[in-house]
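The values are calculated or read from the model by the stated rules, or taken from the named source; none is laboratory data. Just so it is clear, the model here is predicted, and its values are computed rather than measured. Every residue, glycine as well, gets a Cβ built from its backbone with ideal geometry; the counts of neighbours run over all protein chains shown. Ligands, DNA and RNA are excluded from the accessible area calculation, which covers all protein heavy atoms including side chains. Shrake-Rupley method; radii C 1.70, N 1.55, O 1.52, S 1.80 Å.
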Amino acid sequence: ATRSYVDRIVSDSNNPGMKVLLLDDATTRTVSTVYSQTQILERDVFLVERLEQAAKHESMKHLKAAVFVRPTWGNLELLKKELRDPKFAEYHLYFSNVVPRDFLHQLADADDSEVVRQVQEFYADYVAVNEDLFTMNQRGSLRLSKTNESSNPARQDAFDRNVSCVLSALLSLKTQPSAIRYQATSRIARQLATEVHERTEADGIFQFKNRASGPLLLILDRADDPVTPLLSQWTYQAMVHELLGLNNNRVKVPTTQDADPTSNPLHHDTKPKMEEVVLSCTQDPFFAEQRFANFGDLGTAVKKLLDDYQSQTQMNEKISTIEDMQNFVQRYPAFRSQSLNVSKHVALISELSRLVDVCSLMDVSQLEQDVACHDDRQGQWRFLLEKLTDPTVMGPDKLRLAMLYALRYEGNVNLERLKNALDGSVPEDKIQLLDAILEYAGKRVRGPGLYGSNKSMMAKMSKTLKTSLDGIENVYAQHVPLLGDVLDLAAKGKLKDQQYPAVTVSSAAKPTAIIAYIVGGATYEEATKVHELNLAGALSVVLGGSYVHNSTSFLDDLNDAFGPASSSSG
């Protein structure tokens, strides 16, 4: 839906010819995930700029302006200022969510020159990461779980942004939930579900004919599953985000002056430079196909990509006639693009491999999975102490292991001893996050089910048997996010009303479509689970979240909300 909206904005028949595209911070991220700069230029967009920069321009009356921004009061003031002293011939205004009526009145009053040609609502108040994953793409939503900040303006803004994100997603999907359910133990999930219900009932724009067959909207809380964001990842998209940081489809990779994709940039003597590259499933067919591939299969896929490139290179070397030259010139743009793409993926897989080796991530991940999936307090404690004193294990990884252990054996673990074991390899303020994670998502706070308490004995035995049969290949992929279990129960019509009550009267016992939104942020591991469910075909699932976390962003937000940083900022 997002790509369709942006297509319509830059190709609007009511706004032909050369134009300027004015965006705000949020819509810049939205557009950049579905369009490259080259693709934008191909649509007669002469300039892409932030709305607040437009006032600094000299008059450019030969151009028209397409303005795509969120309907915020801050943007309203910028638009009013721009319309009182217009720099462009025409203004075509597109808002990413529902526009308040008073907002339109103020715009009309400011348009003395009558340069506004149209005002439309295109519901893209979120970033579409994958076909079945969207995010508000804003940090700080873990703070919504604090009980002593209800009057904090920043908290209210974060809450409003989450509501707007969910409402925009519903409008862009042109659907009305048949039921809205939420995690009963989460105050913020209940508040968000209630607000979304009230807003959809109060405004006719949310009323669609297919309500009875509409999806189940499920509002969840990141605090109910703090384990998933702490685990090492082994699929392509998730690994890149965990180890390198994948933000707005962009990631920084080591490179060299030589862009030859057949050479490993990490084998050069000089320190490699960092280059930002685009990793988008809409612009990169190889990434679209391999983003959910595990690390072992990924190496094979990149090798095949490299082999294909080398065969093309050999074909291009055979130029002996004028006709060969003409064919080469015609092939060159695609060949050059292929060269850059191969270089990118070779550099990425090389850097991921290096980090896995340098950080001893295979050993670390094996213990992570064991703690996340199995009860063995004494045995795991011995292995944990080994890792916490191992100089080859990095400080952040030691902290994650300690947190996973503290969460699983809360009430049966000596926290002071655990902290002492971290002392010297983890900074003191980070060690305090052990207390923060228990305050945010300890047993007294989160709902049931994190360690299989929702499952019957038969279900637990079935999972254990599958793990043992799959053997070594499954050692690093034993963990199933809590979301997977919740979606499985929902699909079977077995979600308990006491644990997931409905704001609305429940309709279909077994929904065929679910929109799951995680306040506080989702992860790529959960997105992979959703992808697997969608491939199975029995259930259609869309996952959304305040942010797409890796362990670094999750712990940073935890620190800001519940750790030492919260006292200094609050």
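What shape does region 1-114 have by the C-alpha gyration tensor, where a ≥ b ≥ c are the square roots of the eigenvalues, rounded means a/c under 1.5, and otherwise prolate means a/b greater than b/c and oblate the rest? Could you put the intermediate results ahead of the total?
Numbers: a/c = 1.69, a/b = 1.24, b/c = 1.36.
Because a/c hits 1.5 or more and a/b fails to exceed b/c, region 1-114 counts as oblate.
Enter the accessible area of W73 (Å², nearest 10), with the probe set to 1.4 Å and all protein chains included.
Roughly 130 Å² of W73 is accessible to a 1.4 Å probe.
Relative to the present Cα-Cα distance, how much length would full extension add between A301 and E289 at 0.36 nm per residue of separation? Could the numbers behind the result be given before it?
Details: separation 12, 0.36 × 12 = 4.32 nm, distance 0.98 nm.
Length difference between fully extended and current span is 3.3 nm.
Rounded to the nearest 20 debye, what is the charge dipole size of region 62-207 about its Cα centre when +1 sits on each Lys and Arg Cβ and -1 on each Asp and Glu Cβ? Before the final figure, lay out the partial values.
Working: 18 positive and 20 negative charges, 121 e Å.
That gives region 62-207 a dipole magnitude of about 580 debye.
Please report the accessible area of D376 (heavy atoms, 1.4 Å probe, ligands and nucleic acids excluded) in Å², nearest 10.
Result for D376: roughly 70 Å² accessible.
Rank these residues by their accessible area, most exposed first, probe 1.4 Å: M18, M403.
Sorted descending by solvent-accessible area, the residues read M18, M403.
Taking only DSSP H segments of four or more residues, each worth -39500 (n - 2.57), what value at 222 nm results for the chain once the sum is divided by all its residues, to the nearest 500 deg cm²/dmol?
On the way: 22 runs with 269 residues, N = 570.
Here the helix-only value at 222 nm equals -14500 deg cm²/dmol.
Please work out how much accessible surface H62 shows to a 1.4 Å probe, ignoring ligands, DNA and RNA, in Å² rounded to 10.
Here the residue's solvent-accessible area equals roughly 140 Å².
Residue by residue, what Karplus-based ³J(HN,Hα) values in Hz, rounded to whole numbers, does region 399-407 have, using 6.51, -1.76 and 1.60 with θ = phi - 60° and x for Gly and Pro?
Per-residue couplings from phi come out as 5, 4, 4, 5, 5, 4, 5, 5, 5 Hz.
How many angstrom lie between the Cα centre of region 356-370 and the Cα centre of region 121-177?
Cα centroid of region 356-370 versus Cα centroid of region 121-177: 34 Å apart.
Determine the share of the chain's accessible area contributed by carbon and sulfur atoms, expressed in whole percent, with a 1.4 angstrom probe. Mind dumping the intermediate values first?
Values: 13260 of 26000 Å².
Solvent-exposed carbon and sulfur of the chain make up 51 percent of the total.
With only Lys, Arg, Asp and Glu charged, each at its Cβ (+1 for the first two, -1 for the last two), find how big the charge dipole of the chain is about the Cα centre; round to the nearest 20 debye. Kindly include the intermediate steps, with their values, before the conclusion.
On the way: 62 positive and 74 negative charges, 251 e Å.
In total the dipole reaches around 1200 debye.
Report the full-extension gain for the segment S540 to K494: residue separation times 0.36 nm, less the Cα-Cα distance, to one decimal in nm.
Values: separation 46, 0.36 × 46 = 16.56 nm, distance 1.71 nm.
Result for the pair: 14.8 nm of gain on full extension.
When the scattering of the chain is computed by the Debye formula from its Cα atoms alone, each counted once and equally, what is log10 I(q)/I(0) at q = 0.07, 0.10, 0.11, 0.13 Å⁻¹?
Normalising to I(0) and taking log10 leaves -0.47, -0.96, -1.13, -1.43.
When DSSP assigns beta bridges and you keep just the ones with both residues in the chain, what percent turn out antiparallel, to the nearest 5? Present the calculation step by step, with values, prior to reporting the outcome.
Values: 12 of 55 bridges.
Rounded to the nearest five, the antiparallel share is 20 percent.
From the phi angles alone, apply the Karplus equation (6.51, -1.76, 1.60; θ = phi - 60°) to region 169-183 and give each ³J(HN,Hα) in whole Hz, x where the residue is Gly or Pro.
Result, rounded to whole Hz: 4, 4, 5, 5, 7, 6, 9, 10, x, 6, 7, 10, 10, 8, 5.
Using modelled backbone amide H atoms (1.01 Å from N, in-plane), which distant-in-sequence or interchain residues come within less than 5 Å of R250's amide H?
When sequence neighbours closer than 5 places are left aside, the close amide H contacts are L279.
Provide the per-residue ³J(HN,Hα) series for region 123-133, in order, calculated from phi with Karplus coefficients 6.51, -1.76, 1.60 and θ = phi - 60°, each as a whole number of Hz, with x at glycine and proline positions.
7, 9, 8, 6, 10, 8, 8, 10, 4, 10, 9
Top to bottom by accessible area (1.4 Å), largest first, where do V519, V475 land?
Numbers: V519 5, V475 25 Å².
So, going from the largest accessible area down, we get V475, V519.
For region 360-422, what are Rg and Dmax over the alpha carbons, in angstrom?
10.5, 30
Convex hull over the Cα atoms of region 185-244, averaged projected area in nm²? List each step's numbers first, then the result.
Numbers: hull surface 27.1 nm².
For region 185-244, the mean projected area of the Cα convex hull comes to 6.8 nm².
Compute and list, largest first, the equivalent-ellipsoid semi-axes of region 35-85 from the alpha carbon gyration tensor, each √(5λ) rounded to a whole angstrom.
Values: eigenvalues 91, 44, 14 Å².
Over the Cα atoms of region 35-85, the ellipsoid semi-axes are 21, 15, 8 Å.
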